[in-house]
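Structure, as structure tokens:
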Amino acid sequence: MAGLLIGPGAWRSDEARTREQDSGFGWRGWHVSGWGDEVAPRLLLVGAMLAYALYFGRLSIGSFEAFYHPGFDLGIYDQGIWLLSRLKTPFITIMGLNLFGDHVSYILFLLVPFYWVWPSAQVLLVLQTLALALAAVPVFLLSRKVLRSSWFALFPAVGFLLTPAVGWLNLENFHPDSFEVALFLFAIYFMSERRWRAYFTMVILLLAVKEDVPLVVFPLGVYVALTCDRRRGLMTSYLAALWFIVTVFFLQPVLSHVGPGKLDAFRIPFGGLGGLLSTLLHEPWQAIAYMLTAQKIKYLLQLLLPVLLLPMFSSFSLVVVLVVLVNLLSTFSYQFDIQYHYTSLLIAGIAAGAIFSLAKVAVINSRRTLAVGMCLAALLAAYTWGPFQWSRTPAILHDPQGAEAAALREAVSLIPDEAVVSARSRFTTHLTHREEIYDYPTPFYAVYWGDDSLRGKRLPAADRVEYVLERPDRIEGPAAEIWPTLANEGFVEIFSEEGIVLLKRLGSGTARGGPP
């Protein structure tokens, strides 16, 4: 079976098996020795990465300053890391769970020192953008091994930065999943170089991002065992399996007080895990039909067309097949939409799979032609599905200097740092540096709080809320029903401008720090 796989060993014999003749495109003239062959392409790569970081950094921070990044999930991570930076328990009142009971993202500890210097949600947005820009480096390095040219390696690297899923991942507020892209790609590169210390460093950091990462690290270990190093490959798979068991069956339940997998049980089709397994066993065609709807086929094409479908011809793509199946089987539409963070592991695996496919092409000029084609395909995909302002589906620009944003800044300035607050979701991200911040109508009417078993209930924390910040002309349902009753609890309007209303509870004040 190993003979069917393309791995690092195949690249080491590449010189002997590759025919160097031109294939009609005259790429030989592109080879320049000395400074222009190495330094100039690297400078261009850095320039492309900087352009990406400046563009998407500006969009991300602009949305934040315009109050358009919601509490789910930027506010969650901002409050959690801020609490950790103050040596406090990271119980996230926005969602009613311990930060690490929701997701086992221990890599967030590495972000805590940044909050000692610059305690702001903008830190997370900047780091996310830089991490995604950095992912172009391993794409470049892997491509250079295959194409034997730093100049041609630029094409897949720039194409990667243009990939629609990468841009949308960058703009979906903040998720630690974004760190998976560079870490996974660097792990693959170090594997190809047999730099095992660096490889295992990347693998360990990758596992620290989220509890579902073993879905790619386990098969990555199998791939390594079959293609280049049996012992280290098995070590990788054992590590992934052990980490999955420890996190999903022990750490998460202890911190969330919810049984293993129950927080995400709603995503499983056919009535839950039992129904899914029964369907797969007795009526597999139903599961196949469920995974191959028009929307999900479009999702796969949006991931694969920017790289000319090349991953389909590489056995390395099997490393991410479990993630593909999980996303396609999910009832949660975000998991099969390129505008959300569930693409993170797939982005890296697909990029590597495309490069591995290039390595199978015997004629070097054909490889280079395909590399140029990858960049052009990514450019076309960016126009068709990307978030760029010149795309057909551009990301919405929000004005941080607009009247609403100005009114919100003034309203937020009226709220004391230690006050207990309930606010509209997209306002909470500017109020998360406190021990209690709630996503209105919670805690007056619990929504998406804890394991959601308290939905519709009034939480004890409602008696401690001192300020409510909302836009009442845009609320509906329970939130709208509760709003007029707040006056009966002693809340009075102290600010109203551009539709933004800030209420303050009058009276003797309330004790803080009680049960949520």
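The values are calculated or read from the model by the stated rules, or taken from the named source; none is laboratory data. Values in this document were obtained by computation on a predicted structure and should not be read as measured data. Neighbour counts run over all protein chains shown; Cβ positions are idealised from the backbone, glycine included.
Here's the yes/no breakdown for (1) crowded, with 18+ Cβ neighbours inside 10 Å; (2) at pLDDT 95 or above; (3) within 18 Å of Asp452 (Cα to Cα); (4) over 25 Å from the mean Cα position of the chain (by Cα):
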site: Val216; (1), (2), (3), (4): yes, yes, no, no
site: Tyr223; (1), (2), (3), (4): yes, yes, no, no
site: Cys228; (1), (2), (3), (4): yes, no, no, yes
site: Thr236; (1), (2), (3), (4): yes, yes, no, no
site: Val246; (1), (2), (3), (4): no, yes, no, no
site: Gly261; (1), (2), (3), (4): no, no, yes, no
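Every test in (1) under 31 Å from the mean Cα position of the chain (by Cα); (2) modelled with pLDDT of 95 or more is passed by Val492 save one, and that test is (1). Listed conditions (1) of a type in the set (D, E, K, R); (2) closer than 30 Å to Gln122 by Cβ; (3) in contact (Cβ under 8 Å) with a residue 40 or more places away in the chain are all met by Asp463, apart from (2).
Would you say Arg368 is more than 21 Å from the chain's Cα centre (by Cα) and assigned to a helix (DSSP H, G or I)? In short, yes.
Residues of the stretch 435-458 include at least one that is crowded, with 19+ Cβ neighbours inside 10 Å and of a type in the set (D, E, K, R).
Which residue pairs have Cβ atoms under 9 Å apart, sit 6 or more places apart or on different chains, and have a first residue in the stretch 351-368 that is not assigned by TED's automatic domain parsing to the domain that holds Ser143 and a second that is part of a loop (DSSP other than H, G, I, E, B)? Qualifying pairs under 9 Å: none. With respect to the conditions (1) in a helix (DSSP H, G or I); (2) without any contact (Cβ under 8 Å) to a residue 24 or more places away in the chain, Ser453 falls short on a single one, namely (1). Tell me, yes or no, whether the stretch 469-489 has at least one residue that is assigned by TED's automatic domain parsing to the domain that holds Arg409, in a strand (DSSP E or B) and of a type outside the set (Asp, Glu). Yes; the residues of the stretch 469-489 include at least one that is assigned by TED's automatic domain parsing to the domain that holds Arg409, in a strand (DSSP E or B) and of a type outside the set (Asp, Glu).
For the stretch 107-128, a tally of residues being touching a Leu at 6+ places or on another chain (Cβ under 9 Å) and in contact (Cβ under 8 Å) with a residue 60 or more places away in the chain returns 5.
Return a yes/no flag: does the stretch 375-389 have any residue that is modelled with pLDDT of 95 or more, closer than 19 Å to Ser60 by Cα and part of a helix (DSSP H, G or I). Taking every residue of the stretch 375-389 in turn, at least one turns out to be modelled with pLDDT of 95 or more, closer than 19 Å to Ser60 by Cα and part of a helix (DSSP H, G or I). Take the stretch 459-468 and flag every residue that is surrounded by fewer than 15 Cβ atoms within 10 Å (Cβ to Cβ) and assigned to a loop (DSSP other than H, G, I, E, B). Passing the criteria: none in range. Among the residues of the stretch 294-310, those identified as out of contact with any Asp or Glu (no Cβ under 9 Å at 6 or more places or on another chain) and over 18 Å from Leu380 (Cα atoms) are Ala294, Lys296, Ile297. Restricting Leu273, Leu281, Leu345, Leu300 to those that are out of contact with any helix residue (DSSP H, G or I) (no Cβ under 6 Å at 6 or more places or on another chain), closer than 30 Å to Ser366 by Cβ and not hydroxyl-bearing (Ser, Thr, Tyr) reduces the list to Leu300.
Listed here are the residues, each with its yes/no results for (1) of a type in the set (S, T, N, Q); (2) without any contact (Cβ under 8 Å) to a residue 12 or more places away in the chain.
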{"site": "Asp177", "(1), (2)": "no, no"}
{"site": "Leu183", "(1), (2)": "no, no"}
{"site": "Thr201", "(1), (2)": "yes, yes"}
{"site": "Leu206", "(1), (2)": "no, no"}
{"site": "Val222", "(1), (2)": "no, no"}
{"site": "Gly233", "(1), (2)": "no, no"}
{"site": "Leu242", "(1), (2)": "no, yes"}
{"site": "Leu255", "(1), (2)": "no, no"}
{"site": "Val258", "(1), (2)": "no, no"}
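Looking only at the stretch 398-416, count every residue that is surrounded by fewer than 13 Cβ atoms within 10 Å (Cβ to Cβ) and within 23 Å of the chain's Cα centre (by Cα) and tell me the total. Residues flagged as surrounded by fewer than 13 Cβ atoms within 10 Å (Cβ to Cβ) and within 23 Å of the chain's Cα centre (by Cα) within the stretch 398-416 amount to 0. Per the listing Ala395, Ala419, the residue uniquely surrounded by fewer than 24 Cβ atoms within 10 Å (Cβ to Cβ), part of a loop (DSSP other than H, G, I, E, B), free of Cβ contacts under 8 Å to residues at least 60 places away in the same chain and of a type in the set (Gly, Ala, Ser) is Ala419.
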